[in-house]
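Heads up: the structure comes next, in C-alpha cells.
The values are calculated or read from the model by the stated rules, or taken from the named source; none is laboratory data. Just so it is clear, the structure is predicted and the values come from calculations on it, not from any experiment. Cβ coordinates were reconstructed from backbone atoms using ideal geometry, including for glycine residues, and neighbour counts include every protein chain displayed. Only protein heavy atoms, including side chains, enter the accessible area calculation; ligands, DNA and RNA are left aside. Shrake-Rupley method; radii C 1.70, N 1.55, O 1.52, S 1.80 Å.
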Amino acid sequence: MSVRKAGAWLHRRAENIAAGLLAVMFLAFVVQIAFRYLFNFPIGWASELTVACWLWLVLFGSAFVLRDKEEIRFDLLYGPAGRRARIAMAIVFSTALLILYGMSFQASWAYVTYMRVEKASYLKIRMDWMFSIYIVFLVAILARYLWQLVQLLRGRDPEAPDATKVSSAL
C-alpha cells in the first residue's frame with residue numbers, strides 16, 4: 001500500500017469518527033429534549049455528552065478531517081494576488097501560526113494535565129481526558145503548518161482560490 005493510499009484510508013476513517021461523534025451528539029441532544037419537554041425530567045448527562053462530542057468533533061475535525069483548501073481564507077486579498085505574493089502570505093501565515101501555537105503548547109499541556117483532578121459532573125469522565133483532544137489538535141496543526149512551511153520555502157505555489165468551485169467543508 002502506498003503512502004498516499006494509506007493517507008486517504010486514514011482520512012476516510014477520520015471522517016467516519018467525526019460522523020460518529022456527530023451522530024452521538026445529535027442523539028444525546030434529542031434524548032435531552034425528549035426527557036426535558038415530554039417527560040418533564042431533565043437529564044444532565046445528555047447535555048454533558050453533547051458538549052463533549054461538540055468539543056471533540058470541532059478539534060478532531062480541524063486536526064484530521066478539514067483539508068487545507070477547506071479552511072477559511074481572506075480571498076479578497078489572497079485570491080487576486082500573484083504566485084509570489086501568495087507564497088509570501090502563506091509563509092507569513094504559517095510562521096505566525098507555528099509561533100503562536102508553539103508558544104501556547106506548554107501552557108496548554110500544563111492546563112490539560114492539571115485538569116486530571118476534575119471530573120465531569122454527570123459522566124464522571126476525568127477532565128484531562130475530555131480536554132486531551134486539544135493537545136492532539138495542537139500537535140496535528142503544528143505538524144500540518146510545519147509541513148506547509150517547508151513546502152512553501154521550496155517554492156510550492158499555494159493554490160489560488162477558485163470562485164467557481166464552492167466548498168462547504170463537509
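Some values worked out for this structure:
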quantity: One residue from I33, I91 being part of a helix (DSSP H, G or I), at pLDDT 90 or above and closer than 30 Å to W129 by Cα; calculated: I33
quantity: Condition check for A81: part of a loop (DSSP other than H, G, I, E, B) and open to solvent by less than 30 Å² (accessible area, probe 1.4 Å); calculated: yes
quantity: Residues that are of a type in the set (V, I, T) and either in contact (Cβ under 8 Å) with a residue 24 or more places away in the chain or surrounded by 14 or more Cβ atoms within 10 Å (Cβ to Cβ) (or both), drawn from region 112-138; calculated: V112, I125, I133, I135, V136
quantity: Those residues of region 36-57 which are of a type outside the set (A, V, I, L, M, F, W, C), over 27 Å from Y134 (Cα atoms) and assigned to a helix (DSSP H, G or I), in sequence order; calculated: R36, Y37
quantity: Long-range neighbours under 7 Å by Cβ, at least six apart or interchain, first residue in contact (Cβ under 8 Å) with a residue 60 or more places away in the chain within region 63-82, second open to solvent by 40 Å² or more (accessible area, probe 1.4 Å) and among the acidic types (D, E); calculated: K69/E159
quantity: Selected residue (criterion: nearest to G7 (Cα to Cα)) from residues of region 49-62 that are open to solvent by 40 Å² or more (accessible area, probe 1.4 Å) and touching a residue at least 40 places away in the same chain (Cβ under 8 Å); calculated: W56
quantity: Residue satisfying all of: in region 2-23; open to solvent by less than 60 Å² (accessible area, probe 1.4 Å) and either touching a residue at least 24 places away in the same chain (Cβ under 8 Å) or touching a Leu at 6+ places or on another chain (Cβ under 9 Å) (or both); nearest to D68 (Cα to Cα) among these; calculated: H11
quantity: Residue that is within 13 Å of the chain's Cα centre (by Cα) and either over 19 Å from A19 (Cα atoms) or among the aliphatic types (A, V, I, L, M) (or both), where the choices are A81, A63; calculated: A63
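Yes or no, residue by residue, for (1) among the charged types (D, E, K, R); (2) under 30 Å from I33 (Cα atoms):
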{"site": "V51", "(1), (2)": "no, yes"}
{"site": "V58", "(1), (2)": "no, yes"}
{"site": "S62", "(1), (2)": "no, yes"}
{"site": "V65", "(1), (2)": "no, yes"}
{"site": "D68", "(1), (2)": "yes, no"}
{"site": "Y78", "(1), (2)": "no, no"}
{"site": "R86", "(1), (2)": "yes, no"}
{"site": "F93", "(1), (2)": "no, no"}
